[in-house]
Amino acid sequence: MSKEQRLVGRRAYRPHWPVNSHKVFKRRRWPGTKRSMLKLSGRYNPKTLRREMVLTDKKPLFWSVGLLALLLLPLGVASDRFFTMFGIICIYAAINVMWTLIIGTAGLQSFATLATVGVGAYGAGYLSVTYGIPWPAMLVVGALLGGVMGWLISLPARRLDGLYYALLTLGLSEFMRNFVTQSDALGGKFNGALFGVARIVPSDLLTTQLGQSLLYITAFIALLIALAVFRWVNGGRTGILLRAAATSKEDESFASALGIDFNKERTRVFIIASAMLGFLGAFYATYIGGTSLQIFSLDLLLLLLAMIVIGGLGRAEGAVVGTVIVVGITQWFTEWGPWRIVLVGALALASVLFTRNGLFGLKEQIQEIRERRQALHRAAITGRYAEYLPQQAPDILDKSQIVGRVYEKSLRERLRSWINPDLIAEHEAKPMGQHSDHLERMLNYFRKAPIPDKYAVYCEVPFESYRVVALSGLPGVPPRVVDDKVYPTLEQAYHAVFLRRVNDLRAS
Amino acid sequence: MSILKIDGLSAGYGPVRVLHDLDLEINPGERVGLVGLNGHGKTTLLSTIVGLTGWQDGSIEFRGEQIGGRRSHGMGRTTPHIVRKGIALAPQGDAIFPGLSVKDNLDSGAYSGATWRSRRRRRERILEIFPPLAKLLGQSAGTLSGGERRMVSVGRALMSDATLYLVDEPSLGLAPKISVNLVAALCEIDLGDGAMIIAEQNLPLLEGRVDRVLGMHAGELKLDVGEALGDVPPAAGVHL
Amino acid sequence: MIEVLISAAVLASMYGLVAIGISFTWASIGMLNLAQGFIFTAGGYTAWLFAQYAEVWGITGPALSVGVLILGMGGSAIAGLLVGSVAFLPLQDRANFRTRSLIATLAISLIGTQLWLIFFGPQNKPLPPVFGEGRIEIGAGGISYQQLGTIIVASGMLAAVIFWMRSSRHGLQMRAMMMNPLGAAVVGVSVRTTGMRVLAISGALTGLSSVLLAQIFFVSPTSGTQPLVTGLIISLAGGLGSIPGTVAAAGLIGLAEALTARYLQQSLVPFVLFGIVVLILIFRPRGLGGLLEDVRE
């Protein structure tokens, strides 16, 4: 007796394997940090039950494949056109990644990107032309100038509202353009163009294949540096906190409640990004050996904006992919003339009109559309499942239970409609063995009923007297006898249990 | 013919569903109280009638004309058309225009169609209903007290040529005495062929003044007591 | 001194029109229309086209002037409606409307510049003088017909628009929408219809300024950038959405520009303007008349 009692309500022979996921793979970390290289998780394949690893975060994979392609494609093709196009892609992508850092992480809607780049380019270029400083010094000067410029621009940001700040910085490029045009030292004579800046690759090499490849590799390295800075700032503690603050309604007091000086950190990120922009400007000057007023034009700024918008605001991958698309169009279809800019504008317009956040926001957008559809669908099916809509059962944490209950309810309704004298007669004639489909389904439903208060047959004397009991469901508590009827055969007892269950089903 | 006939109406915001399969019928000349706790869907019901919820599904017939239907976006896009058909809503809170004068605020209620020309007469009628507003006509609405703002808000709804008036929580945030006066004034207005729905948390305010009271609980209409308003036991579904 | 004042008034009235268009659009429909430069050039090119055909048809004198003014405004109003139907109507009740419509208008201005380049070429197009040529001498200084006409037409137009806003039914509806969009919807004001109307009106104002400015400069594909930036700066300094603030800021900026050009150097004008705006914004982050934002909350 004691053995049966122990088995009540419990499957004794469920297989268990020891879960030792720490032994499944060895975690590799970036040297000097506690960050793991790849986000892997060990698990057992539900079908084969083999130990296996799953790559939970596939981004590093995509990044490395994409960057490798970006590096190898022009080097492999090795035509001038490819070098030019991909060089521009790398530099613009680096600028856009830094802009993304300003807009996305720092949360400052600044349009002063190209102004900062231009300051770096003109400042370093001027020093190079006038005093003949070499290119490494130019890069340092560019970064310094960019940092100072960033600090200056960030001053009004503390006082101004997001939109006001955006408009103010939008005017900055125009302002810088006027400044350069009026200034003789900065090439006002040549309509703002500056020539003869020190080249990063020696000029005599430039005509050769090797020189072109080297030049392209430097641009690629500039992009890598920008991405590393983005990763360092955006993935660091302040970056994460800043983004957390920005997602919750851009609430600065919330951020300060998190323990960070919002304004200070924002400014810090902005200055880092600006220094990087100045660096890129200087790099651009030494990359093409000069600079021109085009860098301050509103159209170029809009083109850069289009790149970010097409890719998706606030994401590094969006900035890079958007740049590849837009620069690809503008550099590849040069024979289309102004029409390609129109095409880029139309693409940007389409991505603003039809997507929430560019290419890389599509996934979330589709998710949201699906959720809305589901809401409408739920509205349509009210009649059937009115009792168990997820919104009405907020106390049930496991939403699959709600689904289960909804299913059980519809199942009960279906089974109830099958109850008829024929079915009962069929069971009475043959309680055990093969049955008709409906009866079999009904019996299956009865069998999986929960143990507490489940009807069972109790054998008083084998082959002589049987009784119907209800299980208690608790170990150590005996079943209770439900009535005083005694059945002479097991079949009759079975049928009695069946009738009771049918009655309960009817009443439910 | 009934003025408003709602059939199987569900509505909500995003994934949240607030109204569950509602049926409701309002007859001409009727003044209906809608009573229920905070967050049980009174405001949502009134907003849904004028198309101000995130999504909605189900039939809303206003004087035999379908103004509901299935909609999952474009919140508020149909509102002006519905309002011009003759439904006036005094929304929760005030939604008055703080920079405009009280007079302009009232006039904006008579914005649609031919009512604009008769706005002076209509304004005088509102001033009869809410005499305190008469002295304030030239004042900027942003400087008014809570009770005065509510009067402006309700008065603006009454300015229009509507047959169905929806008044959302007239007593919310007001001192008891002011809210009693306001609701009393609302209940004395001659509706003619029109009808009025007043959403309230406070049942005693409406008792004896309206033709019938509906209870609202968890997005469903729970109670339809008709004339026997006095006999409603508190436990019958209305939580106060 | 009189000349400086006159030149300040001329500049103020031309840029003020653009600024008021931007400000007005922002206040009533919450959209920052950065395609204002495109709208600006649209008016200029329409007027230029009309002037070309007018020569063929033999229209001259006052008829030509009136036609240029009206068609300039009309072309810009249509461009405004176009911008509205692309950047306002589809986005109006979507998430992130402000940012998205801002980007959309920027994209339109990117496309617009290229389209002008394709259809009209990069050359500068002159417009015929609308107010005739000549001067009125007053004491020490004088005022040319063109300056006088600019001031009169611009301020007259502005006064008409403001009067119409203050007194008419549609004006009431626009002001109501500025204050409280929900309340406006509840009284039956359609945000979409009114928004398009607002865009057409601010477009017409911009078109007028385009024709007036083309009296001094020319019409070219990128001629909209400068007025856009100046208009933005003025509307920022005046406080977005405040018409009195914008008028005051336009006067201030016009005066500053005229003074700088007269007594310092033309090349310093952008510096001075920028400095003034930064100063104003640092001391009054919402601009001169920027109380509206608080009222809106």
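Of the residues making up the stretch A:163-187, those that are more than 9 Å from chain C (Cβ to nearest Cβ) and modelled with pLDDT under 75 are A:ASP184, A:ALA185, A:LEU186, A:GLY187. The condition of being more than 23 Å from B:ILE26 (Cβ to Cβ) and assigned to a loop (DSSP other than H, G, I, E, B) holds for only one of B:ASP94, B:ASP104, that being B:ASP94.
Table: residues versus (1) touching a residue at least 40 places away in the same chain (Cβ under 8 Å); (2) among the basic types (Lys, Arg); (3) closer than 15 Å to C:MET177 by Cβ.
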{"site": "B:PHE97", "(1), (2), (3)": "yes, no, yes"}
{"site": "B:LEU106", "(1), (2), (3)": "yes, no, no"}
{"site": "B:LEU127", "(1), (2), (3)": "no, no, no"}
{"site": "B:PHE130", "(1), (2), (3)": "yes, no, no"}
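Among the helices (runs of 4 or more DSSP H) confined to the stretch C:156-239, the ones with at least 1 residues that are touching an Asp or Glu at 6+ places or on another chain (Cβ under 9 Å) and either of a type in the set (A, V, I, L, M) or away from every other protein chain (no Cβ under 14 Å) (or both) are located at C:169-179, C:191-213, C:225-238.
Of the residues examined, C:THR225 is one that is among the hydroxyl-bearing types (Ser, Thr, Tyr) and within 29 Å of A:THR169 (Cβ to Cβ).
Let's see how each residue does on (1) assigned to a loop (DSSP other than H, G, I, E, B); (2) modelled with pLDDT of 85 or more; (3) buried (at least 18 other Cβ atoms within 10 Å of the Cβ); (4) among the basic types (Lys, Arg):
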| residue | (1), (2), (3), (4) |
| --- | --- |
| B:GLY155 | no, yes, yes, no |
| B:TYR165 | no, yes, yes, no |
| B:PRO170 | yes, no, yes, no |
| B:LYS177 | no, no, no, yes |
| B:LEU205 | no, no, yes, no |
| B:VAL210 | yes, no, yes, no |
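Yes/no per residue for (1) surrounded by fewer than 24 Cβ atoms within 10 Å (Cβ to Cβ); (2) hydrophobic (A, V, I, L, M, F, W, C); (3) in a loop (DSSP other than H, G, I, E, B):
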| position | (1), (2), (3) |
| --- | --- |
| B:GLY29 | yes, no, yes |
| B:LEU34 | no, yes, no |
| B:GLU61 | yes, no, no |
| B:GLY76 | yes, no, yes |
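Residues are listed down the side, and each one gets a yes or a no for (1) basic (Lys, Arg); (2) without any contact (Cβ under 8 Å) to a residue 12 or more places away in the chain; (3) facing chain C (nearest Cβ under 7 Å):
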site	(1), (2), (3)
B:GLY74	no, yes, yes
B:LEU100	no, no, yes
B:ALA110	no, no, no
B:ARG117	yes, yes, no
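Every listed requirement among (1) in contact with a strand residue (DSSP E or B) (Cβ under 6 Å, 6 or more places away or on another chain); (2) over 18 Å from B:LYS5 (Cβ atoms); (3) at pLDDT 85 or above; (4) surrounded by fewer than 20 Cβ atoms within 10 Å (Cβ to Cβ) is met by B:GLN92 save one, (3). Scanning the stretch A:333-357 for residues that are facing chain C (nearest Cβ under 10 Å) and not in a helix (DSSP H, G or I) gives A:GLY337, A:PRO338, A:THR355, A:ARG356, A:ASN357.
Just one of the listed residues (C:ALA47, C:ALA19, C:ALA8, C:ALA42) is of a type outside the set (Val, Ile, Thr), surrounded by fewer than 24 Cβ atoms within 10 Å (Cβ to Cβ) and in a helix (DSSP H, G or I), and it is C:ALA8. Could you tell me which residue of the stretch C:274-286 is surrounded by the fewest Cβ atoms within 10 Å (Cβ to Cβ), considering only residues that are within 8 Å of another protein chain (Cβ to nearest Cβ) and under 17 Å from A:GLY171 (Cβ atoms)? The qualifying residue surrounded by the fewest Cβ atoms within 10 Å (Cβ to Cβ) is C:ILE282. If the condition is being among the small types (Gly, Ala, Ser), surrounded by fewer than 24 Cβ atoms within 10 Å (Cβ to Cβ) and farther than 26 Å from A:ASN357 by Cα, then the stretch A:278-337 contributes A:GLY289, A:GLY290, A:SER292, A:GLY337.
Condition check ((1) β-branched (Val, Ile, Thr); (2) in the same structural domain as A:GLY290 (by TED's automatic domain parsing); (3) closer than 24 Å to C:LEU268 by Cβ; (4) part of a helix (DSSP H, G or I)) across all residues:
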site	(1), (2), (3), (4)
A:ILE103	yes, yes, no, yes
A:LEU108	no, yes, no, no
A:PHE111	no, yes, yes, no
A:THR116	yes, yes, yes, yes
A:THR130	yes, yes, yes, yes
A:GLY147	no, yes, no, yes
A:LEU170	no, yes, yes, yes
A:GLU174	no, yes, yes, yes
A:PHE179	no, yes, yes, yes
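In the stretch A:458-468, is there at least one residue being part of a helix (DSSP H, G or I), small (Gly, Ala, Ser) and either on the phi < 0 side of the Ramachandran plot or surrounded by 13 or more Cβ atoms within 10 Å (Cβ to Cβ) (or both)? Checked against the condition, which is being part of a helix (DSSP H, G or I), small (Gly, Ala, Ser) and either on the phi < 0 side of the Ramachandran plot or surrounded by 13 or more Cβ atoms within 10 Å (Cβ to Cβ) (or both), the stretch A:458-468 yields no hits at all.
If I filter the stretch A:434-456 for residues that are assigned to a strand (DSSP E or B) and on the phi < 0 side of the Ramachandran plot, do I get at least one hit? Yes: the stretch A:434-456 contains one or more residues that are assigned to a strand (DSSP E or B) and on the phi < 0 side of the Ramachandran plot. The residues of the stretch C:29-63 that are within 14 Å of chain A (Cβ to nearest Cβ) and small (Gly, Ala, Ser), listed by number, are C:GLY30, C:ALA35, C:GLY37. Looking at this structure, is C:ILE20 within 27 Å of A:LEU313 (Cα to Cα) and out of contact with any strand residue (DSSP E or B) (no Cβ under 8 Å at 6 or more places or on another chain)? For C:ILE20, the condition - within 27 Å of A:LEU313 (Cα to Cα) and out of contact with any strand residue (DSSP E or B) (no Cβ under 8 Å at 6 or more places or on another chain) - is not met.
Among the residues making up the stretch C:109-145, those that are assigned to a helix (DSSP H, G or I) and touching a Gly at 6+ places or on another chain (Cβ under 8 Å) are C:SER109, C:LEU110, C:ILE111, C:GLY112, C:THR113, C:GLN114, C:ILE118, C:TYR145.
The values are calculated or read from the model by the stated rules, or taken from the named source; none is laboratory data. These numbers come from a predicted model, not from an experiment. Note that we place each Cβ from the backbone using ideal geometry, even for glycine, and neighbour counts take in every protein chain shown.
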